[in-house]
Amino acid sequence: MSQHHSVSIDRHMCLAAIDISRNIEREYEIYAAIDLFGAVVVDYHWGRRGTKGQGRRRSFGDNKAASKFVDALLRRRSTAKKRIGVAYRFNR
């Protein structure tokens, strides 16, 4: 997941870290879109599969800043193997 992901309008990414034998079932979703005022809005949600989980929303003035933020989120997910023992994989 070290490749650069440019944020585009209506971009949706869903990642999952699943190891049934260790009872690990996590999901992480990132959705980027342009709002009515022209800002790039990045919504991201995480939690155990099948639950409401948690989420946050960040707004950016340009695509470059939003892309940098999404890259940082994906870099953090790429360290999951060390942190929780299961790597995140793109789900959709």
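FYI, it's all coordinate maths here, none of it is from the lab. None of these values were measured; they are calculated from a predicted model. Please note: Cβ atoms are built from the backbone with ideal geometry, for glycine as well, and neighbour counts cover all protein chains shown.
Overview of results
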{"read-out": "Volume in Å³ per residue [convex hull over Cα atoms, computed for segment 11-90]", "value": "85"}
{"read-out": "Computed [θ] at 222 nm, deg cm²/dmol, the chain (DSSP H ≥ 4; -39,500 (n - 2.57); rounded to nearest 500)", "value": "-6500 deg cm²/dmol"}
{"read-out": "Segment Ile34-Gln54, extension gain: residue separation times 0.36 nm, minus the distance between their alpha carbons", "value": "5.0 nm"}
{"read-out": "FRET E, pair Ile18, Lys82, Förster distance 25 Å, beta-carbon r, rounded to 0.05", "value": "0.90"}
{"read-out": "Aspartates and glutamates whose Cα lies under 18 Å from that of Lys82, excluding same-chain neighbours fewer than 8 positions away", "value": "Asp19, Glu25, Glu27"}
{"read-out": "Degrees, to the nearest 10: 63-77 long Cα axis against longest axis of the chain", "value": "10"}
